[in-house]
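Student: I'd like to ask you about the structure that follows.
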Amino acid sequence: MHRIDCPWCGERDEVEFQYQGDATKVRPKPDASEDAFFDYTYQRDNPKGWHTEWWHHVGGCRQWVKVVRNTLTHEVHKTGGPQSKLPLPRRKAEGGL
Amino acid sequence: MRYNAFQILKQGLSGHKGWKPMWRDPEPKAEYDVIIIGGGGHGLATAYYLAKEHGITNVAVIEKGWIGGGNVGRNTTIFRSNYMFPANTHFYEKGMKLWEGLEQDFNFNAMVSQRGVINLFHSDPQRDAFARRGNAMRLAGVDAEFLSPDQLKEMVPILDFKNARFPIQGGLMQRRGGTIRHDAVAWGFARGADSRGVDIIQNCEVKDIVIEGGAAVAVETSRGKIRGKKVAMAVAGHTSQIAAMAGIKLPIESHVLQAFVSEGIKPLIDTVVTFGAGHFYISQSDKGGLVFGGDLDGYNSYAQRGNLPMMEHVMAGGMAIMPAIGRVRLLRHWGGIMDMSFDGSPFICKTGVDKLYLNGGWCYGGFKATPASGWCYAHTIAKDEPHPLNKDFTIERFREGRMIDEKGVGPNPWIQ
Amino acid sequence: MTGINRLSMGGTRINRSKQINFTFDGKSYSGFEGDTLASALLAHGVTLMGRSFKYHRPRGCLTAGSEEPNAIVELRIGVRREPNTRATIAELYDGLEASSQNRWPSLKFDVQSVNQLLSPWLTAGFYYKTFMWPAKFWEPIYEKIIRRSAGLGRAAVEADPDTYEHSHAHCDVLVVGAGPAGLAAALSAAHTGARVMLMEEQAAAGGMVSTLLDEIDGMPASEWVDSAMAELAAMSNVTIMTRTTVFGYYDHNVLAALERVNDHVSTPQENQPRQRMWTIRAKEVVLACGSHERALTFDNNDMPGVMLSCAVRAFVERFGVTPGKRVVICTNNDDGYKTALALNMAGVDVALVADARIGSIPAANEVRAKGIRVETGMLPQKAHGAHTTSALSLQRADGSFVEKIDCDCIAVSGGYSPDVHLVSQTGVAPLWDDELLGFVPDIPKRRERSAGAGKGSFNLSACLTDGHDAGLDAVKAAGLKSGKASAAPKASRVEMTPPLAVWRCPGNGKAFVDFQNDVTAKDIHLAHQEGFKSVEHAKRYTTLGMATDQGKTSNVTGIALLATARGEAIPDVGTTRFRPPYSPVAIGAFAGHERGMEFQPVRRTAIHECGEKLGAVFVETGQWLRPQYYPKPGEGVMEAIYRESKQVRETAGICDVSTLGKIEIFGEDAGEFLNRLYINGWKMLAPGKARYGLMLREDGYVFDDGTTSRLADDHYFMTTTTANAARVLAHMEHASQVLWPDLDVQFCSATEQWCGVAVAGPNARKILQAAFYDDLDMSDEALPFMGVRTFTWGGTTARIFRISFSGELAFEVNVPWSMGEGMWNAIWEAGQDHGLIPYGTEALSVLRIEKGHVAGNELDGRTTAADMGLGKMMSYKKPFIGQKMAAREGMVDAGRATLVGLKLKETEGRLRGGAHLVVDKDNANAETSLGWVTSVCYSPAVGCWIGLAYLKGGLGKFEGQTLYAVNPLYDEAPAVEVCSAHFFDPKGERLNG
């Protein structure tokens, strides 16, 4: 079971959160092209490894928490607030993956 | 070698010394007419139909591990064609027909068992939504019928009609749906493809797709470069990774879906029962295990294993409708990686790269689609254009706004 | 006396002063408190306990623990019947009823044992090659027979009467297993003050220590175990749980365990669960899971009476029971000698110890010194007997026969496999150790370390230091101070001779590897011959390791045989991955309390009881219960709905609308925020006014709709549909926190803060004026259509909205949740003179269909605003979520299905939701289907069945035309006329009363 460190509430079980997908996507400016919105809405890197993603703390403070997590090992590297910048780690996940 | 009664008798009496390997273990050749990346159900079926329907036998199926080790061996063995949109209905019905004749076709008993698939409903709006789907099926020539609570009681006596949180009002049934011995599907297609000359190359990982002049011409693998006049992906679960080698980005996320099996028990459930409101479905294998599952764990994952919250949720769903299974013990649980496309429907299509073909985005529907997917994909590769059955399963449909959205939740596959 | 094989002394687990009666297959026996079903049966000389899966061969117990493959029985009867219960861990209680399974008519005479005659054909994978001729026989005949003969025990068919609990725990160090290593780990960790949990699968601690032979810290091992447990139990920072199996190692060091609270008694004690599932968040874990002994693979090695060497010792030491009067021991390692000594001390005749190894073996000398015959370089060849062992043939390694020796028990040891199940669950592939002949854990990927036999330390002294060190290491890794460490417990080091690899004793008969699934050595060779060379393929083809014991005793032998067939070393073949749970866990335990009516919470509104008093029939709307209709005595559903919907339009009705999602929105930029969420404009909305709003998902499809009001310049009040309340809130939180944090907007859900009712009908104003006349001016000027007022009622703030879902003069009143009942009563009372009736969701639906308003059935996540006829609401003056994607070619395609109304043209019959629309009912198919019916009702206002539908071409193409609503599921195809969805009062004149 994932334990997510909410920046406001501390470490909590995954059941308190609603996963909300890829957090690397930045919504284009309103006047951007249809293509830009298409990319934002649909195109995903879907990486096998480190992934920056949203976990919405619906059963807690209701903040959208940005999480850097490994999709192969489920290890969480870092968490932060909705506007935080969280660079991907250069290291491999725990256990050498 | 063909399996028949004489052969079985003979081998039994002679200590089984004469059985041959079901597929060879060849070294890769320098070049093939078609290279299929992925030795799962779909890749093997594609090779089988390329050879059988189109006479294209200079084909390599390249598998990173051992054939059939992915989702074809990790699913809950159900097949059905109870979809709502014509593109899906026709396609899955093609699959249904292929399943029905499969064993005689490839001379391998995959234990296709048309024991029926029942979807329970609990409210008027649910009934209406099922009616829309059931009628769509009937109009497409697919069997579907409504069952009354009394019929359900008779068919599935262990359903709880007394104390259910969401009282059962009825069910939509497809009698021709059912279960299959999943591993046997991979093995049967592999044997059939191999016997027609297809090379199944195991323990060979594709590292890159080589593109020259806008066309795919080869793959770099852990066993060297293999040239192919056509290159076809069939790696659902990992489609994003392989497609990225060709610079293709897709509306797909990989999610883990858990599956569960109980200890073997004497026959208790004779059909497949789906309890959508509780994210639970169940059938019983011929060997006696209750095979069941639920919904996605709900986060991007390639881990092939799930976590406790979804397990508890799935089994609560089971206890909610059939509380007699409480003392039956869970034997094993595991996870498979689903290519969750953003409209719940698959891709079987050409790509922006010439001679490179895509098969993926299967969501929960991959196993049941296996023969239809292989059949249509083989056609698409052989003719370099889609068959009418898969013409809508394109990448472009998203850009064009022509999604085939069975679930209606949009590009958020984790929403339940 | 509790059996012919009960020894006069010994038995650390049993209480000889308490006799317990039980039955097996209807026959009565007695045992002692502390016995397992297996030990009690063995005491009576009963060795036949089950039949195998495929060949129905007679089987006795192979082990004394949870890894048991053979002795599985149906325990208890009726609603509590538990199939496949391992007799080796089922603790005896008074009145226990057990029966053998998978046999007919009886265990001794099982008709299906005829399968053994067919065994030349029933090899691995036989069914893939057969049962295909003729094709039509497969399902009706072959599959039925296979299904009936497959399966093991029978499940109960009635609801499980027992309850299950879920509990949660946090600790610094979780120690799994209370054998010597686990106890040493728990002690060393606990002495530092760390919070320690110690979990043990069995009823008592001690693991595999030999109570007759081993000494720790100068005392008999059993005494040391007792004192260690007593010491741990006395420490406030230690929690000890026995009968608790840690079965799963999940992500982020969360482990799951099953506590068998009441399985050792006949029925759970009052107010107690049968079992309790624990979710443990451990900082660090010590895995002291021990090891599993392997059998030797020789012909007829599955004969009842053939038992693992450690199991023989366990029965003697723990239960004072000998599995036989005359025992032959076959071994490839030192364990056989330990068993010989224990049996000798217990006074049991050991006919021979046959050791596969040759050369100098120190352990052999000790046994010889007791006068026991030991032969080296000798292997079992074949067990003899009918339903139980009577003799054993022995051979040399080259297969030459040596002698046949009479015995009623054969203790076998094929070496030990460290139990790497939990480690494997964490994704660590175990390493092959060629000296130990077993897989040992590789470098951890989680915060765990192994100790003792589970790590390959088979020597007791090493186990203890190992455990001690692991406990301290865990404390250190958890970031706690280790303080002054206590000394490690000590045992004298025994010199051990490495085991000899003997994977198949020569022979041509049936030599079983996986006992329960009847997988023989030959099956594995055949799988390889047919191309199933990978361990995963061989496992799936032969079903090796897939039985209820998950191959705990058989996997390593199976892998070794496959390696032999491949001509490779074992590490090159690898292992399969163990899947949780470690041992099977009842489905009910996972579900816990969430079953029956507690499967999901039931949500009731503040005025639920008001509806109840008036005779409402309730309907599930998600988790909410809402009044569906209010039948009068003798009135059917249809009549009640007809009456309610008619009367609302004639006088007035009151309806509970509390379940709508409600969100309070504040801030300078609240209007701008709404502008970006909704497709229509909000900034110009004046305070005191409400507006209908539609929002899209980012992909351009309609997400939700509702009425939102502006209560003040910086205060809006949003309503959502009942179904989407939570999703809309999350969507807004995304928008404000992620997309536009610069906007000054704050909001929160108020769904359960405001209780709401709708009062609709020509008399609505009169009624509400009467109810609130002191507090509120209800005049058209004061409260015009789409007007909103806040007023004080009963000393608290109330809100009234003049909005209408029914097309009638209508109001919605909101008061604080706790005041709901008072409001309902006030309105109800005031309405008595004005023909006020309560109406439910059905009449609500009739009224909105008559007006062509969309609801859940039309908002299915696949429709655009234009599909719903609301395309013109889309503002082009401002950007909003979903705007760009809604402009895609396919989303604005003229061929899309759009909302229309339908009238049934026939006087008989009815319309149904889910029907498809076609021009020609005799040419109805997937291609000619033009759309589908979403909502239907019998309309009192129109005087016929009407419906809403999505239709390709829509009104523009089909208005006034006749189509058919084909419904093959009901075998119907009534004619319908396509019309505007605004069936009733299209000009909206009735809104003014």
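Student: To the nearest 0.05, how large is the calculated FRET efficiency for A:LYS78 and B:GLU205 if R₀ is 30 Å and r is the Cβ-Cβ distance?
Tutor: According to the calculation, E is roughly 0.45.
Student: Okay, moving on. Quote the FRET efficiency, to the nearest 0.05, computed for A:GLU16 versus C:GLU889 with a Förster distance R0 of 56 Å and r equal to the Cβ-Cβ distance.
Tutor: Details: r = 41 Å, r/R0 = 0.74.
After rounding to 0.05, the efficiency reads 0.85.
Student: Just subtract the alpha-carbon distance of C:ASP94 and C:SER106 from 0.36 nm times their residue separation and send over the number in nm, one decimal.
Tutor: 1.9 nm
Student: Using the structure shown, list the pairs from B:LYS230/B:LYS383; B:LYS368/B:LYS391; C:LYS921/C:LYS957 with a Cα-Cα distance above 23 Å, or answer none. Don't skip to the answer; put the middle values down first.
Tutor: On the way: B:LYS230/B:LYS383 11 Å; B:LYS368/B:LYS391 19 Å; C:LYS921/C:LYS957 18 Å.
Long pairs (Cα-Cα over 23 Å): none in the table.
Student: How far is helix C:221-233 tilted off the main Cα axis of chain C, in degrees rounded to 10, range 0 to 90?
Tutor: So the helix axis and the longest Cα principal axis differ by about 30 degrees.
Student: Can you compute the FRET efficiency between C:ASP777 and C:ALA712 using 1/(1 + (r/R0)^6), with r the Cβ-Cβ distance and R0 = 22 Å? Round to the nearest 0.05. Mind showing how you got there, number by number?
Tutor: On the way: r = 19 Å, r/R0 = 0.87.
Using R0 = 22 Å, I get an efficiency of 0.70.
Student: Roll a 1.4 Å probe over the protein chains and send me the accessible area per residue for segment C:661-749 in Å². The partial results should precede the final answer.
Tutor: Working: 2810 Å² over 89 residues.
Result: 32 Å² of accessible area for each residue.
Student: If packing is taken as the average count of other Cβ atoms within 10 Å, what order do B:389-399, C:180-190, C:312-322 fall into, highest mean first?
Tutor: Values: B:389-399: 19.6, C:180-190: 31.3, C:312-322: 27.3.
The packing order, highest mean first, is C:180-190, C:312-322, B:389-399.
Student: Calculate the all-directions average of the projected area of segment C:894-992's alpha-carbon convex hull, and give it in nm².
Tutor: Values: hull surface 26.5 nm².
Value for segment C:894-992: 6.6 nm².
Student: Please list, in order along segment C:515-529, the HN-Hα scalar couplings obtained from phi with the Karplus expression 6.51 cos²θ - 1.76 cosθ + 1.60 (θ = phi - 60°), rounded to whole Hz, x for Gly and Pro.
Tutor: 5, 5, 8, 6, 9, 9, 4, 5, 4, 5, 5, 5, 4, 4, 4
Student: Give the interface area between chains B and C as buried accessible surface, both sides summed, probe 1.4 Å, in Å² to the nearest 100.
Tutor: Values: alone 17920 and 41480 Å², together 49250 Å².
So the total buried area for this chain pair works out to about 10100 Å².
Student: Hey, what did segment C:661-749 get for relative contact order, percent, Cα under 8 Å, at least 6 apart?
Tutor: Working: 161 pairs, mean separation 35.2, N = 89.
Answer for segment C:661-749 is 40 percent.
Student: Are there any residues in segment B:373-404 with a reduction of at least 10 Å² in accessible surface when going from the isolated chain to the assembly of protein chains? Probe 1.4 Å, please list them by number.
Tutor: Output list: B:PHE398, B:ARG399, B:GLU400, B:GLY401, B:ARG402, B:MET403.
Student: Averaged over peptide C:250-258, how many Cβ atoms belonging to another chain are found within 10 Å of each residue's Cβ?
Tutor: 6
Student: Which residue, chosen from B:ALA303, B:THR57, C:GLY592, occupies the Cα position most advanced towards the positive end of the dipole of the protein assembly as shown, where the dipole is computed from +1 (Lys, Arg) and -1 (Asp, Glu) charges on Cβ about the Cα centre?
Tutor: The residue sitting most towards the positive pole is B:THR57.
Student: Over segment C:894-992, what is the relative contact order in percent, taking alpha-carbon pairs closer than 8 angstrom and at least six residues apart?
Tutor: This gives 37 percent for segment C:894-992.
Student: Any idea of the total accessible area buried by the A-B contact, 1.4 Å probe, rounded to 100 Å²?
Tutor: 2400 Å²
Student: Moving on to the next point. For chain B, what is the relative contact order in percent, using Cα pairs closer than 8 Å and at least 6 residues apart in sequence?
Tutor: Contact order relative to length: 22 percent.
Student: Give me the one-decimal Kirkwood hydrodynamic radius in Å for chain C, with the sum taken over alpha-carbon pairs.
Tutor: The Cα-based Kirkwood calculation yields 34.0 Å.
Student: Calculate what fraction, in whole %, of the accessible area of segment C:894-992 sits on carbon and sulfur atoms when a 1.4 Å probe is rolled over the protein chains.
Tutor: 45 percent
Student: Of the heavy-atom accessible surface of segment C:661-749 (probe 1.4 angstrom), what whole percent is carbon and sulfur? Mind showing how you got there, number by number?
Tutor: On the way: 1470 of 2810 Å².
Roughly 52 percent, rounded to a whole number.
Student: Compute the accessible area of each residue in segment B:99-113 twice, once for its chain alone and once with every protein chain present, using a 1.4 Å probe on heavy atoms, and list those whose area falls by at least 50 Å².
Tutor: At a threshold of 50 Å² (probe 1.4 Å), the residues of segment B:99-113 that become less exposed are B:GLN104, B:ASN109, B:MET111.
Student: Which lysines have a Cα lying under 28 Å from the Cα of C:LYS476, excluding residues fewer than 8 positions away in the same chain?
Tutor: Partners found: A:LYS78, A:LYS92, C:LYS283, C:LYS445, C:LYS455, C:LYS484, C:LYS490.
Student: Which angle from 0 to 90°, rounded to the nearest 10, does the C-alpha axis of helix C:841-851 make with the longest principal axis of chain C?
Tutor: Value to nearest ten degrees: 50.
Student: Could I ask something else about it? Per DSSP H run of at least 4 residues, take -39500 (n - 2.57); add these up for chain A, divide by its residues and hand me the 222 nm value, nearest 500 deg cm²/dmol.
Tutor: -2500 deg cm²/dmol
Student: Related question: Using each residue's phi in segment B:260-274, evaluate 6.51 cos²θ - 1.76 cosθ + 1.60 at θ = phi - 60° and report the 3J(HN,Hα) Karplus result to the nearest Hz, with x for Gly and Pro.
Tutor: Result, ordered by residue: 9, 9, 8, 4, x, 9, 5, x, 10, 10, 9, 10, 9, 10, 10 Hz.
Student: Please calculate how many Å² of accessible area segment A:3-80 carries per residue, with a 1.4 Å probe and no DNA, RNA or ligand atoms counted.
Tutor: About 38 Å² of surface per residue is accessible.
Student: Please list the non-local residues whose amide H lies under 5 Å from the amide H of C:THR12, H modeled 1.01 Å from N, same-chain partners needing a gap of 5 or more.
Tutor: Under 5 Å from the amide H of C:THR12: C:ARG318, C:PHE319, C:GLY320.
Student: Quick one: angle between helix B:366-383 and the longest Cα principal axis of chain B, in degrees between 0 and 90, rounded to 10, please.
Tutor: So the helix axis and the longest Cα principal axis differ by about 30 degrees.
Student: What average count of beta carbons from other chains do you get within 10 Å of the Cβ of residues in A:20-26?
Tutor: 3
Student: Among the listed pairs A:LYS25/C:LYS884; B:LYS20/C:LYS522; C:LYS338/C:LYS539, which are separated by more than 26 Å between their Cα atoms?
Tutor: Long pairs (Cα-Cα over 26 Å): C:LYS338/C:LYS539.
Student: Oh, and also: Can you send over the carbon and sulfur percentage of the accessible area for segment A:3-80, probe radius 1.4 Å, protein chains only?
Tutor: Here it works out to 45 percent.
Student: How far apart, in nm, are two points set 7 Å out from the Cα along the Cα-to-Cβ line at C:LYS957 and at C:ASP985?
Tutor: Between C:LYS957 and C:ASP985, the label points sit 3.4 nm apart.
Student: Name the residues of segment C:124-143 whose accessible area, probed at 1.4 Å, falls by at least 40 Å² once all protein chains are in place instead of their chain on its own?
Tutor: Buried by the other chains: C:TYR128, C:LYS129, C:MET132, C:TRP133, C:TRP138, C:GLU139, C:GLU143.
Student: Restricting to DSSP H runs of at least four residues, report the calculated mean residue ellipticity at 222 nm for chain B, -39500 (n - 2.57) per run over all residues, nearest 500 deg cm²/dmol. If you can, show how the numbers build up before the last one.
Tutor: Values: 10 runs with 125 residues, N = 416.
The helix-only estimate for chain B comes to -9500 deg cm²/dmol at 222 nm.
Student: Would you mind working out the accessible area per residue for segment C:1-82, using a 1.4 Å probe, and quoting it in Å²?
Tutor: Working: 2640 Å² over 82 residues.
The answer is 32 Å² per residue.
Student: Tell me the label-point distance for the pair B:ARG175, C:ASN923, using the 7 Å Cα-to-Cβ offset, in nm and rounded to one decimal.
Tutor: About 3.0 nm, to one decimal.
Student: Right, here's the next one. Of the options C:VAL728, C:PRO506, C:ALA865, report the single residue whose Cα projects farthest towards the positive end of the charge dipole of the protein assembly as shown (beta-carbon charges: Lys, Arg +1; Asp, Glu -1).
Tutor: With unit charges placed on the Cβ atoms, the residue in question is C:PRO506.
Student: How many nm is it between the label spots at C:ILE77 and C:PHE137, if each spot is 7 Å from the Cα in line with the beta carbon?
Tutor: If labels sit at C:ILE77 and C:PHE137, their model points lie 4.0 nm apart.
Student: Rounded to the nearest 5, what % of the DSSP beta bridges within the protein assembly as shown are antiparallel ones?
Tutor: If we restrict to bridges inside the protein assembly as shown, about 75 percent are antiparallel.
Student: Could you work out [θ]222 nm for chain C from helices alone, using -39500 (n - 2.57) per DSSP H run of at least four and dividing by all its residues? Round to the nearest 500 deg cm²/dmol.
Tutor: The helix contribution divided over chain C gives -6000 deg cm²/dmol.
Student: Looking only at other chains, what is the average number of their beta-carbon atoms within 10 angstrom of each beta-carbon in B:273-279?
Tutor: Counting other chains' Cβ atoms within 10 Å and averaging over B:273-279 gives 1.
Student: If ligands, DNA and RNA are left out, what is the accessible area of C:THR388 with a 1.4 Å probe, given in Å² to the nearest 10?
Tutor: 60 Å²
Student: Follow-up question, since we're still on this one. With unit charges on the beta carbon (Lys/Arg positive, Asp/Glu negative), name the residue among C:LEU911, C:VAL936, C:ASN925 whose Cα is farthest towards the positive pole of the charge dipole of segment C:883-937.
Tutor: C:VAL936
Student: Near the amide H of A:ARG12, under 5 Å away, which other amide H atoms are found, from residues 5 or more places off or on another chain, if H is placed in the peptide plane?
Tutor: Those qualifying (amide H under 5 Å, at least 5 residues apart or on another chain) are A:ILE4, A:ASP5, A:CYS6.
Student: If you count the DSSP beta bridges with both ends in chain C, what percent of them are antiparallel, to the nearest 5? Walk me through the intermediate numbers first.
Tutor: Numbers: 127 of 175 bridges.
Bridges in chain C that DSSP calls antiparallel: roughly 75 percent.
Student: In addition: Using modelled backbone amide H atoms (1.01 Å from N, in-plane), which distant-in-sequence or interchain residues come within less than 5 Å of C:GLU284's amide H?
Tutor: HN-HN under 5 Å from C:GLU284: C:VAL173, C:LEU174.
Student: If you place +1 on the Cβ of every Lys and Arg, -1 on the Cβ of every Asp and Glu, and leave all else neutral, what size is the dipole of segment B:21-138 about its Cα centre, to the nearest 20 Debye?
Tutor: Dipole magnitude for segment B:21-138 comes out near 480 debye.
Student: Right, here's the next one. Hey, which of these cross-link pairs are over 18 Å Cα-Cα: B:LYS94/C:LYS136; C:LYS27/C:LYS108; C:LYS905/C:LYS952; B:LYS287/C:LYS54? Kindly include the intermediate steps, with their values, before the conclusion.
Tutor: Working: B:LYS94/C:LYS136 20 Å; C:LYS27/C:LYS108 13 Å; C:LYS905/C:LYS952 20 Å; B:LYS287/C:LYS54 10 Å.
Violating the 18 Å limit, Cα to Cα: B:LYS94/C:LYS136; C:LYS905/C:LYS952.
Student: Let me ask something else about it. With only Lys, Arg, Asp and Glu charged, each at its Cβ (+1 for the first two, -1 for the last two), find how big the charge dipole of segment C:894-992 is about the Cα centre; round to the nearest 20 debye.
Tutor: That gives segment C:894-992 a dipole magnitude of about 320 debye.
The values are calculated or read from the model by the stated rules, or taken from the named source; none is laboratory data. On a predicted model such as this, the values are computed, not experimentally measured, just so you know. With ideal geometry, Cβ positions are generated from the backbone for all residues, glycine too; neighbour counts draw on all protein chains shown. To get the accessible areas, we keep the full protein, side chains included, count just its heavy atoms, and leave off ligands, DNA and RNA. Shrake-Rupley method; radii C 1.70, N 1.55, O 1.52, S 1.80 Å.
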